[in-house]
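A short worksheet on the structure shown next.
The values are calculated or read from the model by the stated rules, or taken from the named source; none is laboratory data. These numbers were taken from a predicted model, which means no experiment stands behind them. Here the Cβ is made from the backbone with ideal geometry for all residues, glycine too, and neighbour counts use every protein chain on show.
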Amino acid sequence: MMAEITAALIMLIGAWIFYRSRKRAFDRKNAFGREIFNSYSGKLMHKTIDISMALFGGFLTLTGLIYLAIEHQDSWGWIVLLPVAYLFLVGYIPGGRR
């Protein structure tokens, strides 16, 4: 029971961080849908922060999902862990760019 709560909390925190990164980009847009920055260095800083927040949020969400799948490996977890194990062992994504 504690593992499910921990995994759900990790997934919620990751989803919230990802949501906040996308909201930051949305809040910078003007009425015409263009992002507004004070300077080029400000643009680089904000974009770097947004990208790192999105990556970290996605990483946390996937970590929580994999942790939950490991705890429920006997019932439904193998469905989630099978593609993860394939990517880990082979490292090939079908249909991806070469």
Residues that are in contact with a Lys or Arg (Cβ under 6 Å, 6 or more places away or on another chain) and in a helix (DSSP H, G or I), drawn from the range 27-70: 50
Residue that is modelled with the highest pLDDT [pool: residues in the range 45-75 that are more than 17 Å from residue 20 (Cβ to Cβ), exposed (fewer than 14 other Cβ atoms within 10 Å of the Cβ) and polar (S, T, N, Q)]: 75
Failed item in (1) at pLDDT below 90; (2) of a type outside the set (Lys, Arg); (3) surrounded by fewer than 12 Cβ atoms within 10 Å (Cβ to Cβ), with residue 39 passing the rest: (1)
Where a residue in the range 15-39 is closer than 14 Å to residue 49 by Cβ and its partner, wherever it lies, is among the basic types (Lys, Arg) and assigned to a helix (DSSP H, G or I), with Cβ under 7 Å and at least six apart: 37/43
Any hit, the range 76-96, residues being more than 15 Å from the chain's Cα centre (by Cα), at positive phi, at pLDDT below 90 and not hydroxyl-bearing (Ser, Thr, Tyr): yes
Number of the condition not met by residue 3 [criteria: (1) assigned to a helix (DSSP H, G or I); (2) over 14 Å from the mean Cα position of the chain (by Cα); (3) surrounded by 12 or more Cβ atoms within 10 Å (Cβ to Cβ); (4) free of Cβ contacts under 8 Å to residues at least 40 places away in the same chain]: (4)
